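These notes concern the structure reproduced below.
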Amino acid sequence: MDTTEYITSGTLEFYVYGLLSEQENVEVNEMAQKHESVKAEILSIEKAVINLSHGISPHLSAENYEKIRQKLIEKHNGVVQMQPKRSMNPYIGWAAAVVLMFGLAFQYYKYNEVTKEVEAVNVQKSKFEQLLASTEQKNAEAEKALAIIRDNASTTVALAGQEIAPKAYAKVYVNKTKNEIYVDVSGLPKAPAGKVYQVWALKLDPLTPTSIGVIGDATTQNGIFKVENNETAQAFGITLEPAGGSPTPTLEQLYALGKV
C-alpha cells in the first residue's frame, strides 16, 4: 500500500484516537519514521483533535491545555505514542455522523417530493388558466355574435349550399348603419388542410366578384367573422380556395351563395 492509500485508509485517525492494537501502533510508528507525509498527516490529525477539544471545552485551563499541547506536538515532535484504550466516544461520533447523513438524505427526499408537488400544482394551474382564457374568449365571441344578430340595423342574408355541398349553408350580416359585414360559416364543412374559405361580394350585372375576406382558421367553425365592408354587394358567395386565397373565385368549389 503506498502512502496516499495509507493516509486515506482511516488508519491514522484510529491511531490518534487510540483504537489500534499494539502491533498496529508499531506499524504506524514505522510508517511515520519512513515517510514524512505520514508523519505530517498524524500531526495534522492531532492538531485537529486539540482544536476540536478546545472548541468543545472552552473552559479548559491554559495550564492543562499547554500540557496537552506540549505532549502532542513538542515533546514527541508531533507524534504521540497512543495507548490502545478503547472508548465509545469515537463510535458515538461515527453514529452521529451516520444519523446526520440519513437525516439529510431524508430531508432531500422530502424536498424533492414537495418540489414535484408544487410543479404539478403549477401545471394544473396553467391548464386551468388556459381553459379559463379559452372559455372567456368563446363567451366574448358568443356575446359579439348575439349583439350582431339582435341589432335591428343588421340585415341577414342566407347563403344556401351549392352542388358541391348541398347541405351546407352560411349567413351574412350586413349592418349599413355601422358599415360592417359579418359572416357565419358554422354551416360549412371543415376546410381540408391547406385550404381556406374565401368570401366574395358580388355585383350581378355584369357579374363582378370582389374578395372581402379569407377565413383561414378552420378550427373555429362556431365563430362569426368580420370581413371587409362592401356597399355595392348584391349577393354573397363562399368558395374553397388554396391557403392565402385566390384573385378570382373557383366556381367549381362554390359552397354557398345568396342574394341580398
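Among the residues making up segment 201-260, those that are in a loop (DSSP other than H, G, I, E, B) and aliphatic (A, V, I, L, M) are A218, A233, A243, V260. Tallying residues that are closer than 15 Å to S37 by Cα and either part of a loop (DSSP other than H, G, I, E, B) or not assigned by TED's automatic domain parsing to the domain that holds S44 (or both) within segment 7-18 yields 2.
May I ask you to list the residues in segment 144-162 that are without any contact (Cβ under 8 Å) to a residue 40 or more places away in the chain, surrounded by 10 or more Cβ atoms within 10 Å (Cβ to Cβ) and in a helix (DSSP H, G or I)? Result: L146, A147, I149.
Among the residues making up segment 221-234, a single one is modelled with pLDDT of 90 or more, hydrophobic (A, V, I, L, M, F, W, C) and either touching a Phe, Trp or Tyr at 6+ places or on another chain (Cβ under 7 Å) or under 25 Å from K190 (Cβ atoms) (or both): V227. There is no residue in segment 200-217 that is of a type in the set (F, W, Y) and at pLDDT below 95.
The values are calculated or read from the model by the stated rules, or taken from the named source; none is laboratory data. Everything numeric in this text was worked out from a predicted model, so none of it was measured. Cβ sites come from the backbone with ideal geometry, for glycine too, and all protein chains shown count toward neighbours.
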